[in-house]
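Input: a single structure, listed below in structure tokens.
The values are calculated or read from the model by the stated rules, or taken from the named source; none is laboratory data. The shown structure was predicted, so the numbers you read here are calculated from the model rather than taken from an experiment. Methodologically, a virtual Cβ is constructed for each residue, glycine included, from the backbone with ideal geometry; neighbour enumeration extends over all protein chains shown.
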Amino acid sequence: MRALPALEGAVAERLKRIGKADVLVGIPSFNNERTVGHVVRAVAAGLAKHFPDVHAVLVNSDGGSTDRTREIVERTEHGSLEEILVDAAPPPAARIVTPYVGLPGKGSALRTIFRIAAELDVKACCVVDSDLRSITPGWIELLVSPVLRHGYEFVSPLYSRHRYDGTITNTIVYPMTRALYGKRIRQPIGGDFGFSGGLAERFLEYDRWDGPVARYGIDIFMTTTALAEGMKPCQAFLGAKLHDPKDPGADLQPMMVEVVSTLFELMERYEESWIGVAGSEAIPLFGFSHAVGLEPVPVKVERLASIFRQATEDLASLWGSFLSEQSITSLREGAATRPDVTLPDDVWVRVLFEAAAGWRDQRLPPETLIKALVPLYLGKVASFIAETRDGTDEEAEARLDTLAAVFERNKDMLRELWRAGSR
Amino acid sequence: MEHLQQGITNAFARFADAFVSVIPAILVLLASLVVGVLVGGLLRALLGLVSRLALRGGRRPGSLPDRFLRAAGLEGGFERAAGAFSFWVGVAVVLAVGVNALEPGALRNVLTDIVAFVPRFLAAGLIVLVGLGVAGIARRSVLLGAVNAGLPWARAGARGVSVVILTFFVAMGLDHLGVARSILVAAFSILGGGLVLALALAFGLGARDAARRYIEKKLRAEAEDTGIRHV
């Protein structure tokens with residue numbers, strides 16, 4: 001029997017009064033007073049403009065903000081509707097502001113939102129981050145409509161991003177998810193998703209909310225659950241995502257550990273779903289694609305390369321616990337090239353597949369294994385930058401497509417490594 | 001001359017008597033050792049069987065002690081360590097029983113003292129094993145953290161931390177055995193006090209500006225982290 005996250009008495013009471021709803025928009029937050037007002041305004045305007053006749057609820061699940069985040073969420077209205085060409089203002093969406101229980105993190109915040117969605121028996125939900133600077137009312141339509149009006153069950157975002165923004169996505173999560181589950185979801189950990197009420201209930205069935213899924217692992221958890229459980233997926237083009245991009249060389253360890261742990265853990269949980277999948281297919285895309293001016297991401301390539309080079313000297317014995325001798329030799333060769341390091345696609349794919357099998361067989365403690373992967377990921381990013389720095393964005397994207405295709409072509413290797421471990 | 005010959009003969013006769021008198025004791029000890037090895041081996045085999053039955057059809061559960069020992073770099077993990085420990089406990093217990101069965105005398109007293117020392121020795125071994133685990137985990141953590149942060153002294157730092165921790169646990173083990181207790185305490189007091197003083201001088205006096213910058217940066221970083229942190 002599933003354990004549900006607790007709700008405050010006042011919130012439970014409020015839910016009883018509301019009864020049922022059609023659409024729920026969730027906003028997880030923690031000390032976001034600078035941006036959350038804009039997000040709430042965009043959500044309220046989006047609901048008023050695109051879903052005027054729909055019974056909607058806005059839920060803010062807050063991690064104990066000590067600034068004015070909660071107050072801002074409660075008081076912010078949609079502003080002038082005339083500006084967005086809405087003639088008659090519909091009744092405002094009900095608003096619930098609640099703290100969440102559990103480990104501090106986005107996953108725990110969303111879990112409370114899933115619970116409220118289940119209590120209200122909603123047809124469609126979407127969740128948007130509270131640090132967004134580029135959200136518009138149109139995002140709500142694009143994330144909710146495919147579910148509410150077109151029969152899809154999971155909407156993944158598609159953003160225009162700088163070629164060096166989202167490097168964990170580009171080099172690990174996107175190609176792995178695509179090769180595993182056979183669907184080309186370009187931003188599996190985008191952060192803003194649409195999904196059906198039924199899928200929200202499926203998310204609640206998960207039983208390990210004391211792990212990485214309670215934190216950064218939630219995004220890959222949602223995407224993987226949707227794909228592995230056969231939900232009908234699509235993507236929505238949302239334009240640029242402006243937030244605080246992370247330098248891949250700075251403070252990425254916890255995020256990478258949580259995302260990759262969740263990815264590997266779900267590989268184990270959903271082995272039956274991915275083991276037989278071959279190749280991949282595109283999924284429907286909603287939204288009008290257009291070019292966007294993007295903020296550059298200042299990546300310190302020399303630093304990435306230096307960490308990778310040092311790791312091939314200092315961590316080789318640790319890598320030996322889960323990587324083959326062939327992989328370690330190839331990594332050393334790649335680190336020795338000048339002026340840039342090189343980490344060829346086939347080596348990177350083998351490294352990740354061996355790491356997944358090593359994680360499953362507990363060759364090292366999970367966190368240690370993934371931390372040992374960090375310098376390799378940095379090496380892959382450095383290698384990718386060296387290859388694409390003089391090309392166009394389209395060429396960089398094509399390069400990532402090639403990488404994903406190498407993952408798919410080598411899936412037999414993953415099956416062999418995985419099955420060898422389970423024997 | 002006859003006296004001397006008589007004396008030598010008597011001495012050899014006494015030696016032969018003494019030697020013959022300990023042969024049963026040696027045989028008992030050898031038998032005890034063989035039985036001890038058998039009992040220890042049986043214990044180890046039983047433990048292995050229970051463990052295999054418990055894990056039948058599934059993969060290793062990764063219990064806390066198992067993860068601890070693996071993190072420490074002890075490849076066999078908890079199963080192997082527990083097997084070795086139970087084996088030696090079995091040998092020690094059976095040997096103690098064997099020594100108790102000997103005739104009273106000097107040999108029995110000496111062997112009783114030696115056998116009585118075995119539990120302490122095993123406990124000291126356990127302390128060092130825990131030390132190996134803690135040192136191994138610390139070495140890995142420091143190495144990974146330092147390499148991922150791009151620090152050039154990663155390997156040396158990790159080794160240093162490991163050596164300090166292991167030294168501490170070995171000293172605890174020696175203390176448990178009662179070896180050079182006063183020297184150990186003095187050595188650690190001098191080493192610990194010296195380290196703290198050296199660090200205080202180096203960081204607080206020698207690198208006063210660097211210390212100020214570091215603390216300011218730390219405080220600023222914390223303030224920034226709070227400002228931009230989001231779920």
### Task
Inspect the range A:170-178 for any residue being away from chain B (no Cβ under 14 Å), over 23 Å from A:Gly287 (Cβ atoms) and of a type in the set (A, V, I, L, M) and give the result as yes or no.
yes
#### Entry: Single match in A:Arg215, A:Arg184, A:Arg202 (criterion: basic (Lys, Arg), at pLDDT below 95 and surrounded by fewer than 24 Cβ atoms within 10 Å (Cβ to Cβ))
A:Arg215
### Task
Residue by residue through the range B:200-231, note down the ones that are at pLDDT 55 or above and small (Gly, Ala, Ser).
B:Ala200, B:Ala202, B:Gly204, B:Gly206, B:Ala207, B:Ala210, B:Ala211, B:Ala221
### A:Arg309, sole failed condition from (1) basic (Lys, Arg); (2) more than 14 Å from chain B (Cβ to nearest Cβ); (3) part of a helix (DSSP H, G or I)
(2)
### Message
If I ask for residues that are touching a helix residue (DSSP H, G or I) at 6+ places or on another chain (Cβ under 9 Å) and either under 27 Å from A:Val257 (Cβ atoms) or buried (at least 22 other Cβ atoms within 10 Å of the Cβ) (or both), which ones from the range A:148-168 would you list?
### Response
A:Tyr152, A:Phe154, A:Val155, A:Ser156, A:Pro157, A:Arg161, A:His162, A:Arg163, A:Tyr164, A:Gly166, A:Thr167, A:Ile168
### Summary
Every listed condition ((1) under 27 Å from the mean Cα position of the chain (by Cα); (2) away from chain B (no Cβ under 14 Å)) holds for A:Leu364 save (2)
### Message
Can you say whether A:Ile168 is hydrophobic (A, V, I, L, M, F, W, C) and assigned to a helix (DSSP H, G or I), as far as the supplied structure shows?
### Response
yes
## Note on the structure
Exception for A:Arg178 within (1) closer than 30 Å to B:Val147 by Cα; (2) in a helix (DSSP H, G or I); (3) not aliphatic (A, V, I, L, M) falls at (1)
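Residues are listed down the side, and each one gets a yes or a no for (1) under 18 Å from A:Met256 (Cβ atoms); (2) within 22 Å of the chain's Cα centre (by Cα); (3) in the same structural domain as A:Arg415 (by TED's automatic domain parsing):
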site: A:Ile307; (1), (2), (3): yes, no, yes
site: A:Ile328; (1), (2), (3): no, no, yes
site: A:Phe353; (1), (2), (3): yes, yes, yes
site: A:Val381; (1), (2), (3): yes, yes, yes
site: A:Glu397; (1), (2), (3): no, yes, yes
### Message
Taking the condition of being over 14 Å from B:Ile26 (Cα atoms), modelled with pLDDT under 80 and surrounded by 18 or more Cβ atoms within 10 Å (Cβ to Cβ), how many residues in the range B:97-135 meet it?
### Response
1
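Quick grid of which residues meet (1) within 11 Å of chain B (Cβ to nearest Cβ); (2) in a helix (DSSP H, G or I); (3) within 24 Å of the chain's Cα centre (by Cα):
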position: A:Arg17; (1), (2), (3): no, yes, no
position: A:Leu24; (1), (2), (3): no, no, yes
position: A:Glu83; (1), (2), (3): no, yes, no
position: A:Arg95; (1), (2), (3): no, no, no
position: A:Thr98; (1), (2), (3): no, no, yes
position: A:Gly102; (1), (2), (3): no, no, yes
position: A:Ile116; (1), (2), (3): no, yes, yes
### Summary
Taking the range A:367-389 and keeping residues within 13 Å of another protein chain (Cβ to nearest Cβ) and of a type outside the set (D, E, K, R) leaves A:Thr368, A:Leu369, A:Ile370, A:Ala372, A:Leu373, A:Val374, A:Pro375, A:Leu376, A:Tyr377, A:Leu378, A:Gly379, A:Ala382
## Note on the structure
Going through (1) more than 14 Å from chain B (Cβ to nearest Cβ); (2) surrounded by 18 or more Cβ atoms within 10 Å (Cβ to Cβ); (3) at pLDDT 95 or above one by one, A:Thr402 fails only at (2)
#### Entry: Count of residues meeting criterion [acidic (Asp, Glu) and either assigned to a loop (DSSP other than H, G, I, E, B) or within 14 Å of another protein chain (Cβ to nearest Cβ) (or both)] in the range A:312-337
2
#### Entry: Candidate set from the range A:338-353 (those that are farther than 19 Å from A:Thr167 by Cβ and of a type outside the set (A, V, I, L, M, F, W, C)); member that is farthest from the other protein chains (Cβ to nearest Cβ)
A:Asp346
### Query
What are the residues in the range A:278-328 that are of a type in the set (Ser, Thr, Tyr) and surrounded by 13 or more Cβ atoms within 10 Å (Cβ to Cβ), if any?
A:Ser280, A:Ser306, A:Thr312, A:Ser321, A:Ser324, A:Ser327
### Selection from the range A:407-420 of residues that are more than 23 Å from A:Val257 (Cβ to Cβ) and within 22 Å of the chain's Cα centre (by Cα)
A:Glu408
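Matching residues to (1) over 20 Å from A:Pro175 (Cα atoms); (2) without any contact (Cβ under 8 Å) to a residue 60 or more places away in the chain:
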site	(1), (2)
A:Pro366	yes, no
A:Ile370	no, no
A:Ile385	no, no
A:Thr392	yes, yes
### Query
For the range A:183-278, which helices (runs of 4 or more DSSP H) that fit wholly inside it have 1 or more residues that are over 17 Å from the mean Cα position of the chain (by Cα) and over 23 Å from A:Val351 (Cα atoms)?
A:197-205
### Summary
Here the residues within the range A:32-62 that are surrounded by fewer than 23 Cβ atoms within 10 Å (Cβ to Cβ) and not in a helix (DSSP H, G or I) are A:Glu33, A:Arg34, A:Thr35, A:Phe51, A:Pro52, A:Asp53, A:Val54, A:His55, A:Leu58
## Note on the structure
In the range B:136-170, residues that are hydroxyl-bearing (Ser, Thr, Tyr) and surrounded by fewer than 18 Cβ atoms within 10 Å (Cβ to Cβ) total 2
